[in-house]
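Written below as structure tokens is the structure these notes are about.
The values are calculated or read from the model by the stated rules, or taken from the named source; none is laboratory data. As the structure is a prediction and not an experimental result, all values here were calculated from the model. No Cβ is skipped: glycine too gets one built from the backbone with ideal geometry, and neighbour counts run over all protein chains shown.
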Amino acid sequence: MNPEKNNMPNKSLKIAVIGSGISGIASAWLLSQKHQVHLFEKNDYLGGHTHTHSMKDNGQTVYVDTGFIVFNRPNYPHLTGLLKHFNLPTQPTEMSFGVSLDQGRLEYGGSNLATLFAQKTNLLRPRFLRMVQDILRFNREGKAALQDAGFTNTESLNDFLDRHRFGEGMRDDYLLPMAAAI
């Protein structure tokens, strides 16, 4: 980042950065190349929502980050560049989605048919079967809407769901848990 290209003054400034999540840390580091930066964090650890915990697994210490949702190179070019700059290793992982509602009354996973019907009773639940149909239809109709030249994003998700008559199961048992996970 070149300060002149961003109309930043050439003189060194005193800058406060609030929050030590990835955005705060990255901003503080980048700004510190030309300015005096102070990073403020209310917690007793750095990392924002991401917080690394150490634990033992078969006698070895492993580190687990909580709060971190997903990282992939195409969607995070700046984070990728930062990790590369500091020579920080990454490793591939599998993304998964699982739902457990009402103390286990309804459970399913999103990886394959075996996890989708992990609770065999789901095969007998009309609401669940309608949810599965609605998910497939939502994916089809949502993609079609986005490809429609006349599509505007002024319609709320709820209005879209109402207009296309998606059921409560799809809303409450799929979309809400998915949105909460993201």
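Some notes on this structure:
- Checking Leu88, Leu83, Leu46 one by one, the residue that is more than 26 Å from Met170 (Cα to Cα) and not in a loop (DSSP other than H, G, I, E, B) is Leu83 and no other.
- Counting the residues of segment 71-80 that are surrounded by 10 or more Cβ atoms within 10 Å (Cβ to Cβ) and either in a loop (DSSP other than H, G, I, E, B) or outside the structural domain of Ser23 (by TED's automatic domain parsing) (or both) gives 4.
- Filter result (within 17 Å of Ser100 (Cβ to Cβ) and loosely packed, with under 15 Cβ neighbours inside 10 Å) within segment 141-181: Asp172, Leu176, Met178, Ala179, Ala180, Ala181
- Checked against the criterion of being in the same structural domain as Ser20 (by TED's automatic domain parsing), in contact with a Lys or Arg (Cβ under 6 Å, 6 or more places away or on another chain) and closer than 23 Å to Ile15 by Cα, segment 34-56 has at least one qualifying residue.
- Number of positions in segment 102-138 that are under 24 Å from the mean Cα position of the chain (by Cα), in a loop (DSSP other than H, G, I, E, B) and either among the aromatic types (Phe, Trp, Tyr) or not assigned by TED's automatic domain parsing to the domain that holds Tyr174 (or both): 0
- Subset of segment 29-69 (residues that are surrounded by 10 or more Cβ atoms within 10 Å (Cβ to Cβ) and of a type in the set (Val, Ile, Thr)): Val37, Thr50, Thr52, Val62, Val64, Thr66
- Close pairs from segment 136-151: first modelled with pLDDT of 90 or more, partner not hydrophobic (A, V, I, L, M, F, W, C), Cβ under 6 Å, at least 6 apart: Glu141/His164
- Residue that is farthest from Phe71 (Cα to Cα), among those in segment 10-28 that are assigned to a strand (DSSP E or B) and of a type in the set (Val, Ile, Thr): Ile15
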